[in-house]
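Notes follow once the structure below has been shown.
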Amino acid sequence: MGRFSSFAAELARNKTLLLGLLLLLTICLLAVLGPFFVDFANSRVGATIPRSPPTPEHWFGTDGQGRDMFTVMILAMPQTLRIGITAGLISLSVGVALGLVAGFAGGWVDTVIRLASDVMMTIPGIAILVLVAANVREMTVELMAVIVATLSWMVAARTIRAQTLSLRERGYVQVARLNGTSGLKLVFVEVLPNLLPFIAASFVITVSNAMLATVGLEALGLGPQNELTLGMTIYWAQFYGAIIRGMWWWWGPPILTIATIFVGLMLTSAGMDSFVNKRLGAN
């Protein structure tokens, strides 16, 4: 109980982490609960008068296709978060698995995985993503998440490998090994639990990178064409000349929302880094 109290007190002092989590929680609540309070019909083309500025009836105005921008924003947030989180989970799973194997097995296995990670990190990922996405016949949310995850697992793999190399030399691991504990049990009982803070931090970084790549592809028009996402909203705004027409309510809210998500992820990542590495301090 005392250990939990100490953990909670240290967490409460980490203002950076708390602020980042608060921003992300706010966005997630809007994404989860928002669709229950809007009329889906307002997100269809021709539902309202096109190019109307914000009014009490349409809080964020309407776009050039006659869609209510507030409704579009509420429905776009879940899809954007879904792509980022799905890609993050896939790449994190691959990275953690490879990092554990490389760090614990060592030898030629470690060399092969490390070289593969280094080679992948030298490849211009965004160029490959653009090339692949441009040649996909029908882009979906799930497919985009897989494409992004394919080129974003390296950071997690390198982080987990480095920590595993350190943990496998610890005294308690050596004692367990001498007592005849199998390699698989050592990984799941002695090593993996001590990696959880690093896995959590890697997940935040991975989701941030995945969302950055996703929004970049969508802003180029390479995202899901039949799905509402924040990146595709920006694409259609620039496609129909919203900036030239002075329709700030079309491109402003999605950019502000994306910026809020990235600020939340950045603060959460920095807070977790401080929490894991005591040398950076608690704040």
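The values are calculated or read from the model by the stated rules, or taken from the named source; none is laboratory data. Just so it is clear, the structure is predicted and the values come from calculations on it, not from any experiment. All Cβ positions, even for glycine, are placed from backbone atoms using ideal geometry, and neighbour counts span all protein chains on display.
For segment 132-155, how many residues are modelled with pLDDT under 80 and assigned to a helix (DSSP H, G or I)?
4
With 113, 85 as the choices, which residue is β-branched (Val, Ile, Thr), farther than 19 Å from residue 204 by Cβ, out of contact with any Cys (no Cβ under 6 Å at 6 or more places or on another chain) and in contact (Cβ under 8 Å) with a residue 24 or more places away in the chain?
113
On the basis of being within 30 Å of residue 219 (Cβ to Cβ) and either among the hydroxyl-bearing types (Ser, Thr, Tyr) or in contact with an Asp or Glu (Cβ under 8 Å, 6 or more places away or on another chain) (or both), does residue 86 make the cut?
yes
So which residues in segment 47-57 are farther than 16 Å from residue 242 by Cα and either surrounded by fewer than 19 Cβ atoms within 10 Å (Cβ to Cβ) or at pLDDT 85 or above (or both), if there are any at all?
47, 55, 56, 57
Please go through segment 27-42 and give me each residue that is of a type in the set (Asp, Glu) and either surrounded by 12 or more Cβ atoms within 10 Å (Cβ to Cβ) or under 20 Å from the mean Cα position of the chain (by Cα) (or both), ordered by number.
Result: no residue meets the conditions.
Would you call residue 76 more than 28 Å from residue 157 (Cβ to Cβ), in a helix (DSSP H, G or I) and either free of Cβ contacts under 8 Å to residues at least 12 places away in the same chain or small (Gly, Ala, Ser) (or both)?
Criteria met by residue 76.
Can you confirm whether residue 249 is hydrophobic (A, V, I, L, M, F, W, C) and in contact with a Pro (Cβ under 7 Å, 6 or more places away or on another chain)?
Considered against the rule, which asks whether it is hydrophobic (A, V, I, L, M, F, W, C) and in contact with a Pro (Cβ under 7 Å, 6 or more places away or on another chain), residue 249 comes out as yes.
Please name all residue pairs, on different chains or six or more residues apart, with Cβ atoms under 9 Å, provided the first residue is in segment 266-283 and is of a type in the set (S, T, N, Q) and the second residue is surrounded by fewer than 21 Cβ atoms within 10 Å (Cβ to Cβ) and modelled with pLDDT under 50.
Pairs that qualify, where the first residue is of a type in the set (S, T, N, Q) and the partner is surrounded by fewer than 21 Cβ atoms within 10 Å (Cβ to Cβ) and modelled with pLDDT under 50, are 274/280; 274/281; 274/282; 274/283.
Which of the residues spanning segment 199-240 are closer than 27 Å to residue 55 by Cβ and without any contact (Cβ under 8 Å) to a residue 60 or more places away in the chain?
Hits for segment 199-240 are 234, 235, 238, 239.
Across segment 228-283, what is the total count of residues that are of a type in the set (Val, Ile, Thr), within 20 Å of residue 212 (Cα to Cα) and either modelled with pLDDT under 85 or assigned to a loop (DSSP other than H, G, I, E, B) (or both)?
1
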